[in-house]
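See structure below.
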Amino acid sequence: ALLTQAAAALGKSFKKDAKRVAGKLDEMSAEELKALKATAEAEGKASLTVSDCGGSDTFEIANELLVFEATTTIMHVEKYTPNVIEPSFGIDRILTAIYEHTYSVRAKEGDAPEEPPPKKGDKKDSTADAKPGVLAFPPEVAPYKCVVLPLDMRIVRECEYAGMRDALRATLSEQGLQYKVDESGASIGKRYARSDELGIPFAITIDEDCLKQFKADAASATATLRERDSTRQVRLALSTIAQ
């Protein structure tokens, strides 16, 4: 920075342009000022070009006017790492993104190739073309992890069914699994489709063989476990199926 005496001398030498010259010197880096001072010492003066709103002018500055002093400025800065991230979108957009990436329509077996659109005036049965939707929630984020399905209403009316269902519910709860029980009179296929639309990844089906096994020896009873995305079914022991 210019010494106070040098700044006063600039005012006397450059009059109305003194402020422009001093401002230009303040903007220059330490290296640029050293080079300018070296030129002035070698030649007795140095040229300085000032370009601003007042125009572009070149000034000759005598060596004795270029007297600088080195100053050290101590700055105290508080730095911190942000640890809270606030998203710019709400839960509705998050859910929309989840549905967009997980929802699909499962083609029915034996689907025929697409037919040309019906002619004007023709009636078309919309229910005949309905295809089951699937929410392919990963098991980790699915609200319900599994659904318990008796094969049909005959199973529900069996005396052993209530005890076996309650034992299975207790096992699921012990494992911390959220579940549903669908004992409606709909066919097993429609109830599978219903659970797929709800995004339930697994279905436990209780059939007549399971009831017979449970009645003879509860530890040996087996049930069918169905996986939603592949629709693959396996037979597993009822006592360990929740694991």
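The values are calculated or read from the model by the stated rules, or taken from the named source; none is laboratory data. Nothing here was measured: the structure is a model prediction, and the numbers come from that model. Glycine also receives a Cβ, built like all others from the backbone with ideal geometry; neighbour counts cover every protein chain displayed. Areas reflect the complete protein model, heavy atoms only, side chains present, ligands, DNA and RNA absent. Shrake-Rupley method; radii C 1.70, N 1.55, O 1.52, S 1.80 Å.
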Positive-pole candidate from A42, P143, A167, dipole of the chain, charges at beta carbon:
A167
When the chain is modelled as a GNM with alpha-carbon springs shorter than 10 Å, which of D26, D166, D92 fluctuates the most?
D26
Distance violations [Cα-Cα > 26 Å] among K16/K37; K19/K79; K24/K79; K37/K79; K12/K37; K131/K180:
K19/K79; K24/K79; K37/K79
Taking all protein chains as present, what is the carbon and sulfur share of the accessible area of the chain, in % to the nearest whole number, probe 1.4 Å?
54
Please return the longest stretch of the chain lacking exposed loop sites, where trypsin sites (Lys or Arg not before Pro) count only if DSSP places them in a loop and at most 12 other Cβ atoms lie within 10 Å.
125-231
So I have [x] 41; [y] 18; [z] 55, and one of them is percent of Cα pairs over 35 Å apart calculated from this model. Which one is it?
[z]
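What dipole magnitude, in Debye to the nearest 20, does segment 152-205 give about its Cα centre under +1 on Lys/Arg Cβ and -1 on Asp/Glu Cβ?
My answer is approximately 120 debye.
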Where both residues lie in the chain, what percent of DSSP beta bridges are antiparallel, nearest 5?
70
Pull up all non-local amide H partners of F59: gap of 5 or more, or a different chain, and H-to-H distance under 5 Å with H placed in the peptide plane.
L48, T49, V50
Formal net charge of residues neighbouring M164 (Cβ-Cβ distance under 15 Å; K, R +1; D, E -1)
-2
Förster radius 22 Å - calculated FRET efficiency between E183 and S239, Cβ distance, rounded to 0.05:
0.55
Among segment 44-60, those whose backbone N falls under 17 Å of a label point 7 Å along Cα→Cβ from S13 are 44-50, 57-60
So which residue, out of A221, A40, A136, gets the largest mean-square fluctuation from a GNM of the chain using Cα contacts under 10 Å as springs?
A40
Computed lengthening from V141 to D229, 0.36 nm per intervening residue step minus Cα-Cα distance:
30.2 nm
Dipole check, the chain, charges on Cβ (K,R +1; D,E -1), about Cα centroid: among T58, M75, Q243 the Cα furthest to the positive pole belongs to Q243
Go ahead and set up a Gaussian network model of the chain, Cα springs under 10 Å, then flag whichever of I61, I91, I155 fluctuates most.
I61
Explain nothing, just the number: dipole magnitude of the chain about its Cα centre with +1 on each Lys and Arg Cβ and -1 on each Asp and Glu Cβ, in debye rounded to the nearest 20.
620
Hz values of 3J(HN,Hα) by residue in segment 140-153 - Karplus curve (6.51, -1.76, 1.60), Gly and Pro given as x:
5, 10, 5, x, 10, 7, 7, 10, 9, 10, x, 4, 7, 5
Determine the calculated [θ] at 222 nm for the chain from helices alone, applying -39500 (n - 2.57) to every DSSP H run no shorter than 4 residues and normalising by the residue count; nearest 500 deg cm²/dmol.
-11000 deg cm²/dmol
Kindly provide the GluC sites (Glu not before Pro) of segment 19-89 that DSSP labels as loop, not H, G, I, E or B, and whose Cβ sees at most 13 other Cβ atoms within 10 Å.
E69, E78
Ordering M164, M28 by accessible area with a probe of 1.4 Å, largest first, what comes out?
M28, M164
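Could you provide, to the nearest whole Å², the per residue accessible area of the chain with probe 1.4 Å? Let's see the in-between values first.
Details: 16930 Å² over 243 residues.
In whole numbers, the chain has 70 Å² accessible per residue.
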Theoretical FRET efficiency, 1/(1+(r/R0)^6), r = Cβ-Cβ of N63 and F89, R0 45 Å, to 0.05
0.10
Return the distance in nm (one decimal) between the two label points of a simple spin-label model at T73 and A38, each offset 7 Å from Cα along Cα→Cβ.
2.5
Taking K and R as +1 and D and E as -1, what net charge do the other residues with C-beta under 10 Å from the C-beta of R20 add up to?
0
